[in-house]
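Here the structure comes first, spelled out in C-alpha cells, and everything after it is commentary.
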Amino acid sequence: MNGGGRKDPPGAADAALVSLQDLRSKLQEFARVRDWDQFHSPRNLLLALVGEVGELSEIFQWKGEVQRGLPDWNAAEKEHLGEELSDVLLYLVRLADVCGVDLGQAALSKLKKNAVKYPVEKCKSQSTNAQ
Ligand SMILES: [Mg+2]
C-alpha cells in the first residue's frame, strides 16, 4: 500500500522487502521438502546457473540492441524476462549458500573494491571500464 490510497498489486509489499536472506531461506526450504539437497552440490548449481544464463541470453538473441526499459517489448516478453532473471538470481543465491558465502556481504565488499579500482576521477564517462 502506498500513501496515495492506491492499492499495490498483490505481493508488491513482499517483493519490495525481499532480501537475499529471505531468498536463501526460501530456497533452503524449497530444496529440503523435495529432498533435493542431495543434488545441490556447488558444481551442479553452477552448471544450472550457467544454463539459466543461457536461457536469459536466448531472450535477447537476434533482437539487436534494445532500449533501456524495453519499451518495444510486450507484457509476455517482459514476464518471460523476469522469470529468467529470477532463475539466474535464485541459482546464484543457492550456489553462494551451499558454498558458505554471504552473498550480500560479498557484494558490498566487491562494490567497495570496485570503487577503489575504478575511481570516479579516472573513470567518469570512460566506457572501457563501465560495469
Ligand atoms: Mg529458466
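The values are calculated or read from the model by the stated rules, or taken from the named source; none is laboratory data. All values reported here derive from a predicted model rather than from experimental measurement. For neighbour counting, all protein chains shown are included, and Cβ atoms are generated from backbone atoms with ideal geometry for every residue, glycine included. These area figures cover heavy atoms from the full protein model, side chains too; ligands, DNA and RNA do not enter into them. Shrake-Rupley method; radii C 1.70, N 1.55, O 1.52, S 1.80 Å.
Charges were assigned to the Cβ only: +1 to each Lys and Arg, -1 to each Asp and Glu. The resulting dipole of the chain about its Cα centre is roughly 720 debye. The convex hull defined by the C-alpha atoms of the chain has an orientation-averaged projected area of 12.0 nm².
Given their separation in residues at 0.36 nm each and the Cα-Cα distance between them, LEU46 and ALA75 gain 7.5 nm when the chain is fully extended. Note on SER86 and LYS110: the extension gain reaches 6.5 nm, defined as 0.36 nm multiplied by sequence separation minus the Cα-Cα distance.
Counting only whole DSSP H helices of the chain, the ones at least 24 Å long by C-alpha along their axis and with mean Kyte-Doolittle hydropathy no lower than -0.5 are 42-60, 75-98.
Its DSSP H runs of at least 4 residues, each contributing -39,500 (n - 2.57), put the calculated 222 nm mean residue ellipticity of the chain at -20000 deg cm²/dmol, to the nearest 500. So for segment 44-121, Kirkwood radius off the Cα pairs, Stokes-Einstein at 37 °C and 0.692 mPa s: how many µm² s⁻¹? Value of D from the Cα-based Kirkwood radius: 222 µm²/s. For segment 44-121, the Cβ-based charge dipole about the Cα centre amounts to some 540 debye (Lys, Arg positive; Asp, Glu negative; other atoms uncharged).
Only protein atoms count toward the accessible area here, which uses a 1.4 Å probe; on segment 44-121, the carbon and sulfur part of that area reaches 59 percent.
In this calculation the C-beta distance from SER125 to LYS26 is compared with R0 = 41 Å, giving a FRET efficiency of 0.55. Which residue, PHE60, LEU90, GLN105, has the largest displacement toward the positive end of the dipole of segment 44-121 when charges sit on each Cβ (Lys, Arg +1; Asp, Glu -1)? Going by the charge dipole, the pick is GLN105.
With protein chains left intact and a 1.4 Å probe, residues in the chain average 78 Å² of accessible area per residue.
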